Amino acid sequence: MNPALVLPVVDLRPLLPMLVLAATAAIVIVLDLLPPRERKDHLGFVSALGVVLTLIMTYWMTFSIGGGELRGFRGMVVLDPYALFFNIVIGYATGLVILLSMDYIRREGQEAGEFYILILLSSLGMMLMASAGDLIIVFLGLETMSIALYVLTGFFRHRLEAGEASMKYFLMGAFASGFFLYGIALIFGATGTTNLDRIANAVAAGAGRDPMLAIGFGLLLVGFGFKISSVPFHMWAPDAYEGAPTSITAFIATGSKAAAFASLLRVLLTALRGVPLDWPMLVWGLAAITMTVGNVVALAQQNLKRMLAYSSIAHVGYMLVGVVAGGSLGNGSVLFYLLAYTFTTAGAFGAILLLERDGREAVQLADYGGLATRHPVLAVALSVFLLSLIGIPPTAGFVGKFYLFGAAVKSGYVWLAVIGVLNSAVAAYYYLRLIVFMYMREPEGAPTVMAPSFSGALALAVALWGVVQLGVAPGPLFDLAQAAVIPLLR
Amino acid sequence: MAYLLTLVTFLPAVGAVLVLALPRRQEHVTKLVTLGATLVAFVVSLPLYFRFDPTSADYQFVEQKAWIPSLGVTYHLGVDGISVLLVLLTTFLMPLVILSSWTSIESRWKEFAVTMLLLEAGMIGVFVSLDLFLFYVFWEAMLIPMYLIIGIWGGHNRVYAAIKFILYTLAGSLLMLVAILVLYFHHGAATSVYTFDLPVLARYVLPGGRMQDLLFFAFTLAFAIKVPMFPFHTWLPDAHVEAPTAGSVILAGVLLKMGTYGFLRFCLPLFPDASLHYAPWMFALSVIGILYGAWVSTVQPDIKKLVAYSSVSHLGFVVLGLFTLTAQGMVGGLIQMVSHGLSTGALFLMVGMIYERRHTRLIADFGGLWKVIPAFSVIFLVVCLSSVGLPGLNGFVGEFLILLGAFQVDRLSAVLATAGIIFAAVYLLWMYQRVCFGEVTHEANRRLTDLTPREWAVLLPVLLFIFWIGVYPTTFTAMTEPSVQALIAQVQSKAQATVAAMVTR
C-alpha cells in the first residue's frame, strides 16, 4: 500500500490579524510597481488602511474568542487575549508610524514604496513574537522584525549618521540574536523541546536543576535585554535612535519594545515558571539601574532624539518594575504601560518630525525657542506628550506609572517604587526643559516652521486622543490588559 | 443642586475652553470672558455658603460615582467645615486676580487666561476631592498651570524660579504617591476592601509603629514643602518674587493653603498616632518658621520678598495651631488660612499696583507716598495692620485662637510664637514707615497716580472681609467648629484604639 498523501489540516485562524498585515504588504508591493511612479502617497494610505483592518480584526477576535485561545501549528502559534492585546499596541504603533512617515519621507526626498512594506513586515514580525508559543517562533518573529528595522534605520542613505546607526543597530542586533539562539540551543539541550509549555513541564519534572537550563535562560534574557534596551545592553539605542528616520525611531521605541516585552513576559511566565532561580531580584536590580542610568544620562542631552532615546531606556526601567512585581496587577500594568507609552512616544516623535528649521529636522533643544507663540497647537500637543512622559495627571503616563508602582507596592517592593518616583522627579527636569524652551524662551535665528501634513496631524490627533483617554478613563483597557495576563499565570 | 461641586470645579475649565475658542486679536473680549467665567464660578459657589449646614460635621453636597471600579477609585466630592471656606476663598480671589492682571499682564493674555482658569479648576478640585486618587490627580495637575504662570509671565529669573518650584513640589508629592499606595494596599489587605475613598480610609485604625511613621513622613514632606515649613521653604521666595502679581496672590492665597489643608484632611485623621507623637517636632519647626520668617523679612530690601518671607512666618502659625489638636487652635488655624489668603493676597496686589507704576519694588525707592497717593496709602496701612494682627481686623482672630490653643499644649511654643507677632509688627510697620511716611525722596514718585476705579474694585471686596472677619468672626468660625470637633474626637479615639491594641498585644 502506498502511503496516502495526507495534508495536515492547517488552522489559519490564529494567524488572522497577521495575515491581514501580510496581505496588505503584498498589495503594497504590487501597487508600488504600478503608476504613478513619482508619488507614493497612496501606498501610505493603503498601508494605514491595512493596519486599521488589522486592528478591527484584532478587536473582533478579542470579542469572539472571549477568554479562550486559539492554537495553531502544534502550539507554535498562540492567539490568546495576551497576544491580541499586544496586537492592539503594535497595531497602533504601526498605524501612527505610517501616518507620520507619509509626508516626512517625501520631505526628505526618500519616498519609496519599500518604506511602507518594510514597516508592515516588521510589524508582522512583532505580532508573531507576541503570539509565539515556541522559542523558534520567537526567534523567527524577532528576526523578521529586526531585519526590516535595520534597513529602515539606514533608509536615509544620504545621511552619514543613518549608515552609522544602521550598522551599529545591525551589529548589536546580530550579537543579541546570537546570544538568543545559543540560549535556545542550551534550553533545548536541557529539556528536549523548544515549546514553552513543554519546557515548563520538563522544568516541573526536574530539568530545572540542570545548570545548562539556567545558562540558557540567562542568554535568552541577554537577548531580550538588547531588544528592550535595558542597561547594560542599551548602548546601541541612542545612536540608532538619533540616526534613524524619526518615524522609525518612534517605531523602534514603541513597536519593537512592545514585541520584545510580549515574548519576554510570555517566556518568563510560562516556560520559566517553576525554575528555582530568583529572577525577580535580578530584574529588581536591572530595573533600578536601567531607570537611573536612562534618566541621569538624559539630563545631559541637547539633541531631542537622543534625549528621548535615554528617556525610553528609563521607561523600560519603569516597566521592569511591573515585571518584578509580577502577578496579574504587575504584568497587567506592564501591558497597559506599553500602550500608554506607545501613544505618548509616537506623539512626541511625531511632533518633532513635523518641525524643521533651516531645511533640517528640528532636533536641537534650541530649535524649540518660542515655539508656543509660532505654533501654539503643536506646542500644546507636544507639552501634553511630555507631561505624560513625566507622569503628570490626567495623562496616560500618570495612570501607567500609578499601576506600575502600585503593583510594586502591593508585592512588597516599596523601595523599588520609591526609586521609581524619585527617578520621575529627575526625569521631570529634562522634559520640562523642553517646555521651558517652547514657552519661556524667545526664538533665536532662523524660524522653526511646521511642515504641513494632513496625515501627520491625524497621527498626532490619534496619539493625543489615546493619551487623554487612557489618562481619564483607564478602567476598560486596564481590565483588558489584566484579563490578558491572567491565563498565563495559571 | 446635586452636581453643585462638579459645577463649581469644572466651570472654570469650561471657561478656559471658551477663551480658547476666542480669536487672539479680541484681547478685550478675552479679558471680559475670563472675568465673567471667574465671576460665574464665584456666584455658583455661593450656595456652598448659604446652603451649608453649619451644625453638621458631615461632608455635604456629596457626589460619588464609580470611576475606575477595578481599583476602587471613585469620583467622590464633598465639602465640610474644613474645606468649604477654602473653596469659597478660591472662587472669591480669582475674579479679583483676573481684574488685577488687566494691564499688568502685557503679553499672551489669552494663554494667561486659559492657564489661570485651569489653575482655578485644579485648586477647587484639590479642596473638594474625597478620594485619594482624585485628590492626587488634582494636586499634581495643578502644578503645571502654576509652573507656566511663573515661567512665562514672571520676572527676570522666572525660569529658574519656575523649575525650582515644580521640582520641589513634585519630589515631595511623588513620595506621597508611594505612601498613598502603601496605605491603599495595607487597608485592602487588612479589610479586603480596596478603596481610595478618604472617609473609608479615615475610619480604619492603622496600627501604630514604623509603617505609620513612614507614611506620616511621606505625607508630611509633601505638605511641608507646599506650606512651606522651615527648612523646606527655599523655593518660596524665588517663586513669589519672580511670579507675576496674579501668580503671587494665588500662590500665597490658595496654593500654600493646600499644604496646611493636607495636614488637616489627611495627616491627622489617617495617621493619628504619628501626628500626636511628632507634634512637638511640628511645633518646633513651626516656631522656627515663625521667628526665622519674621527676622528674614525684616532685612529684605524688596517689598515683595518681604511679603514672601512673611508668609513663611504666618503659615508657621497655622501649622502650630493645627497640631495643637485643640478646638481653638484648629479653628484658629483655619481662620488664619483664610485671613492670610486675604491679607497677604491684598499685600501682593498692592505691591503689584505700585510696581506697575514705578517698575521697582525696592523699599529704598519709595518714601512719602502718603502725600502723593493718600488713598493707596490708607488701604495699604489697613492691609499691613491686618497682616500684623491688629485687633478688629482679620489677622488677630486667627492668631489669637492659635495662641490660645498652643498655650494649653505647649507654653514655650506659645510664648515664642507670640514674639513672632511682635516681629511681624516690626517688619511690616517699619517697611510701611519707609515707604509711605516722611518726605518724598524720589522725583519719580511725585507724579504717581492714585488708585484707579478698577483697583478700587479689586481691593474693596478684600477690605470688606478683612473687617468682617475681624469684627464678627463667628460667621466663619461657626461653620468650621463641628467639623473640627469631630476631627479631634476621631483622632483621639483612633489614637486610643491603637494604644489599646498595643497594650493587649
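What the table shows:
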quantity: Spatially proximal lysines relative to residue B:305 (Cα-Cα < 17 Å; intrachain offsets below 8 disregarded); calculated: B:164
quantity: Proxy reagent accessibility, fewest Cβ within 10 Å first, across A:247, A:123; calculated: A:247, A:123
quantity: For the protein assembly as shown, diffusion coefficient by Stokes-Einstein and Kirkwood Rh (Cα), 10 °C, 1.306 mPa s, µm²/s; calculated: 53
quantity: Relative contact order, percent, region A:279-490 [alpha-carbon distance under 8 Å, six or more residues apart]; calculated: 31
quantity: Degrees separating the helix B:272-298 axis from the principal Cα axis of chain B, which is the longest one; calculated: 10
quantity: Vicinal HN-Hα couplings computed from phi for region B:459-473 (Karplus, 6.51 cos²θ - 1.76 cosθ + 1.60; Hz; Gly/Pro x); calculated: 8, 4, x, 5, 4, 3, 6, 4, 6, 4, 4, x, 8, 9, x
quantity: Environment charge at residue B:425 (Cβ cut-off 15 Å; Lys +1, Arg +1, Asp -1, Glu -1); calculated: 0
quantity: Non-local Lys pairs in chain A, i.e. 8 or more apart or on different chains, that have alpha carbons under 22 Å apart; calculated: 9
quantity: Whole-angstrom Cα spans of region A:396-490 along principal axes, big to small; calculated: 59, 33, 20
quantity: Debye-sum result for region B:364-460 in log10 I(q)/I(0), which assumes one identical scatterer on each alpha carbon, at q = 0.20 Å⁻¹; calculated: -0.96
quantity: Per-q log10 I(q)/I(0), chain B, q = 0.06, 0.09 Å⁻¹ (Debye; single scatterer per alpha-carbon; no solvent); calculated: -0.26, -0.58
quantity: Net charge over other residues, Cβ less than 14 angstrom from the Cβ of residue A:319 (K, R count +1; D, E count -1); calculated: +3
quantity: Exercise: per-residue mean of other protein chain Cβ atoms within 10 Å, B:110-123; calculated: 1
quantity: Geometric extent, Cα atoms of region A:3-156 - Rg, Dmax (angstrom); calculated: 16.6, 61
quantity: Shielding by partners, peptide B:180-188 (average Cβ within 10 angstrom, other chains); calculated: 4
quantity: Chain A: relative contact order in percent, alpha carbon pairs under 8 Å with at least 6 residues between; calculated: 15
quantity: Cα-Cα pairs of chain A separated by more than 39 Å (percent); calculated: 18
quantity: Chain B, relative contact order [Cα under 8 Å, separation at least 6], %; calculated: 16
quantity: Taking N as its residue count, the alpha carbon Rg of region A:279-490 over 2.2 N^0.38 Å; calculated: 1.05
quantity: Spatially proximal lysines relative to residue B:31 (Cα-Cα < 16 Å; intrachain offsets below 8 disregarded); calculated: B:110
quantity: For residue B:334, net neighbour charge (Lys/Arg +1, Asp/Glu -1) across residues whose Cβ lies under 14 Å away; calculated: -1
quantity: Cβ-derived FRET efficiency at R0 45 Å, residue A:10 paired with residue A:45, nearest 0.05; calculated: 0.90
quantity: Sorted by Cβ neighbour density within 10 Å, fewest at the top, the residues A:196, B:118; calculated: B:118, A:196
quantity: Computed FRET value (nearest 0.05) for residue B:58 with residue B:425, which takes r as the C-beta separation and R₀ as 41 Å; calculated: 0.50
quantity: Cα gyration tensor shape for region A:385-437, rounded if a/c is under 1.5, else prolate or oblate; calculated: oblate
quantity: Efficiency of FRET between residue B:467 and residue B:408 - r from beta-carbon atoms, R0 30 angstrom, step 0.05; calculated: 0.55
quantity: Two-decimal Rg to Rh for region B:74-211 - Kirkwood Rh, Cα set; calculated: 1.06
quantity: Peptide B:63-73, shielding by other chains (average Cβ, 10 Å cutoff); calculated: 3
quantity: Crossing angle, helix B:394-409 versus chain B [Cα axis fit, 0-90 degrees, rounded to tens]; calculated: 40
quantity: Neighbour-count order for A:191, A:292, fewest beta carbons within 10 angstrom listed first; calculated: A:292, A:191
quantity: Whole-Å distance, taken between Cα centres, linking region A:332-371 and region B:61-95; calculated: 35
quantity: Radius ratio Rg over Rh of region B:1-110, counting only Cα atoms, Kirkwood formula for Rh; calculated: 1.07
quantity: Inter-probe distance in nm under a simple model that places probes 7 Å from Cα toward Cβ, at residue A:69 and residue B:189; calculated: 3.0
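Bear in mind that the values in this text are calculations on the coordinates, not laboratory data. From a predicted model like this one, the values you see are computed outputs, not experimental measurements. Every residue, glycine among them, receives a Cβ derived from its backbone with ideal geometry; neighbour counts consider all protein chains shown.
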